[in-house]
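Structure, as structure tokens:
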Amino acid sequence: QVQFVESGGGLVQPGGSLRLSCTASGSMFKFNTMAWFRQAPGKQRELVASITPVFSTSLADSVKGRFTISRDNARNTVFLQMNSLKPEDTAVYFCNNAAGTLGPWGQGTQVTVSS
């Protein structure tokens, strides 16, 4: 069973930056479109960014121009570089494949944007 370990979150001031990492176990990572999701308190989980096995990326409108997704297939790791952070980016961030079906959801990593 695939397991995800997310890291890199924290408390940052508006306008700041963070880089999230997510490492997946198993051998299926490189064949999947991987994605970052986030869930804010009281809201549904939403797709933030995705990247195909051949590195084509897609970003939600709310993060375009500020976030960048990348991956390292040799390390089974997907990254999310977040710049110009806003308070509305506050959420728990998770990774999975784009359908949310590669494995059970991990613990996620908390991102809090506040002054």
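The values are calculated or read from the model by the stated rules, or taken from the named source; none is laboratory data. Only a predicted model underlies this, so the values are computations on that prediction, with no experimental measurement involved. Positions of Cβ are backbone-derived with ideal geometry, glycine not excepted, and every protein chain shown enters the neighbour counts. Accessible surface is based on the protein model in full, side chains and every heavy atom, while ligands, DNA and RNA are left aside. Shrake-Rupley method; radii C 1.70, N 1.55, O 1.52, S 1.80 Å.
Just one of the listed residues (Ala99, Ala35, Ala74) is of a type in the set (A, V, I, L, M, F, W, C), outside any loop (DSSP other than H, G, I, E, B) and open to solvent by 40 Å² or more (accessible area, probe 1.4 Å), namely Ala74. For region 1-26: of the residues being aliphatic (A, V, I, L, M) and open to solvent by less than 60 Å² (accessible area, probe 1.4 Å), which is farthest from Thr90 (Cα to Cα)? That would be Val2. Looking at region 102-112, which of the residues that are in contact with a Leu (Cβ under 8 Å, 6 or more places away or on another chain) and open to solvent by 10 Å² or more (accessible area, probe 1.4 Å) is farthest from Ser58 (Cα to Cα)? Restricting to residues being in contact with a Leu (Cβ under 8 Å, 6 or more places away or on another chain) and open to solvent by 10 Å² or more (accessible area, probe 1.4 Å), the top hit is Thr112. Taking the conditions exactly as written (touching a residue at least 12 places away in the same chain (Cβ under 8 Å), in contact with a helix residue (DSSP H, G or I) (Cβ under 9 Å, 6 or more places away or on another chain) and basic (Lys, Arg)), does Arg66 satisfy them or not? Criteria met by Arg66.
Scanning region 40-71 for residues being open to solvent by less than 40 Å² (accessible area, probe 1.4 Å), part of a loop (DSSP other than H, G, I, E, B) and basic (Lys, Arg) gives a total of 1.
Total residues in region 77-96 satisfying the condition of being charged (D, E, K, R) and open to solvent by less than 30 Å² (accessible area, probe 1.4 Å): the figure is 1.
Restricting region 1-32 to residues that are closer than 13 Å to Arg75 by Cα and in a loop (DSSP other than H, G, I, E, B) leaves a set whose member that is nearest to the chain's Cα centre (by Cα) is Ser25.
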